[in-house]
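Report on the structure given below.
Computed from the coordinates by the stated procedures, all read-outs in this text should not be read as laboratory data. No experiment lies behind these values; they were computed from the predicted model shown. Here the Cβ positions follow ideal geometry from the backbone for every residue, glycine too, while neighbour counts run over all protein chains shown.
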Ligand code: HEC
Ligand code: HEC
């Protein structure tokens, strides 16, 4: 057995020839053997790029796929979902002293400050508080990829774009599939991918007695948001869930997903149900409506 310690390759930058001599394979043949795979890899890359270009020309690559291709992110497709999940608890319509980034105009005019707080602060090159505030549940949920998307959006001119068309679900199974995607990009930041929520901050959706007791009430919460005290599975919460700019289809899909996951009641929510409730009063009133005197 050779008991000598493994030899380290030290590269001396002041003396490049010395570095070459310590290289474990200093012979010429190796260089040629090395070039061939390189040329092959380059050819492979070129072919892949062509395939990609053809794909995007064919109109694929919307939504999350755009993160994989080199498209410039747009607000409605890429940024708003990130804001809904990671900023909306503090930045929403109801808060009076904190900006509402769910609104494109506001987000656009503040885009450079958003970039600084979300990208530069996290990279340690900005003196103000990073956003979302360190150690808040959202800051723990915000991924590096999301920060990069926000940066690219600002650098790319802060385009508004168009919201991705969510195909109309033709069956309950399809509804659940579409709802799952939406849940992951928006609701999971607070209610967690497992639906368990966070003690004292975000109530659970998993096996939630509150959710399963009243479907219409749950739909209204997602349409209008909710604030104040709520007791879920015996635990008290007193926080604020903002309303999100979601369509009737979106809300039907996401709630159907929730009802058919995490041990919940298996109900289906349709866009028509959402539409009807949207036209009604926001808060389910505690006192019953006055009796019709002619009854
Ligand atoms: C836990 C609550 C909270 C969350 C979550 C949060 N913010 Fe903030 N944000 C604040 C508060 C409070 C302020 C005002 C204090 C300050 O300027 O630091 C603020 C200020 C800002 C400012 C500076 C506004 C200005 O122009 O003066 C930006 C930009 C910002 N937030 C972006 C974001 C973005 C983007 C997210 C999501 C990725 C986010 N914030 C998430 C609480 C939050
Ligand atoms: C920014 C954090 C946040 C996001 C994102 C969020 N929620 Fe909530 N949600 C809350 C909070 C906080 C409450 C409790 C509000 C209160 O105290 O009145 C709540 C309550 C609920 C409730 C009623 C209580 C329960 O546990 O059964 C339902 C149903 C619900 N959310 C569904 C959703 C769905 C569906 C989504 C995604 C579209 C979503 N939420 C996104 C924070 C959030």
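Would you mind giving the average projected area, over all directions, of the Cα convex hull of segment 132-188 in nm² with one decimal?
One quarter of the hull surface, i.e. the mean projection, equals 5.2 nm².
Can you figure out the FRET efficiency of residue 217 with residue 93, using R₀ = 22 Å and their beta-carbon distance, to the nearest 0.05?
E between residue 217 and residue 93, to the nearest 0.05, is 0.60.
Using a/c under 1.5 as the rounded threshold, could you call segment 93-140 rounded, prolate or oblate? The axes a ≥ b ≥ c are square roots of the C-alpha gyration tensor eigenvalues, and prolate needs a/b larger than b/c, oblate otherwise.
Taking the square roots of the gyration eigenvalues as a ≥ b ≥ c, segment 93-140 is oblate.
What is the distance in Å between the Cα centres of segment 99-125 and segment 232-262?
Centre-to-centre distance over Cα atoms comes out at 27 Å.
Taking square-rooted eigenvalues a ≥ b ≥ c of the alpha carbon gyration tensor, is segment 205-249 rounded, prolate or oblate, where a/c under 1.5 means rounded and, failing that, a/b exceeding b/c means prolate?
It comes out oblate by the Cα gyration axes.
For labels at residue 239 and residue 103 in the simple 7 Å Cα→Cβ model, what's the distance in nm?
Each label point lies 7 Å from its Cα, and together they span 2.5 nm.
Between residue 72 and residue 144, what length comes free when the chain is fully extended (0.36 nm per residue of separation minus the Cα-Cα distance, one decimal in nm)?
Details: separation 72, 0.36 × 72 = 25.92 nm, distance 1.69 nm.
In short, 24.2 nm is gained.
Could you please rank 82, 221, placing first whichever residue has the fewest other Cβ atoms within 10 Å of its Cβ?
With the sparsest Cβ surroundings first, the list reads 221, 82.
Residue 166 versus residue 229, label points 7 Å from Cα toward the beta carbon: distance in nm?
Reported label-point gap for residue 166 and residue 229 is 3.4 nm.
Treat segment 72-155 as a sphere of radius equal to its Kirkwood radius over Cα pairs and apply Stokes-Einstein at 20 °C in a medium of 1.002 mPa s; give the translational diffusion coefficient in µm²/s, rounded to a whole number.
Roughly 169 µm²/s, to the nearest whole number.
Show log10 I(q)/I(0) for segment 202-280 at q = 0.17, 0.24 Å⁻¹, two decimals, from a solvent-free Debye sum over equal Cα scatterers.
Taking Cα atoms of segment 202-280 as identical point scatterers yields -0.64, -1.23.
I want to check the label-to-label distance for residue 129 and residue 270. Put each point 7 Å from Cα in the C-beta direction and report it in nm to one decimal.
So the label points at residue 129 and residue 270 sit 4.6 nm apart.
Taking square-rooted eigenvalues a ≥ b ≥ c of the alpha carbon gyration tensor, is segment 139-270 rounded, prolate or oblate, where a/c under 1.5 means rounded and, failing that, a/b exceeding b/c means prolate?
Because a/c hits 1.5 or more and a/b fails to exceed b/c, segment 139-270 counts as oblate.
Provide 78, 110, 209 in ascending order of the number of other Cβ atoms located within 10 Å of each residue's Cβ, fewest first.
Fewest-to-most Cβ neighbours within 10 Å comes out as 209, 110, 78.
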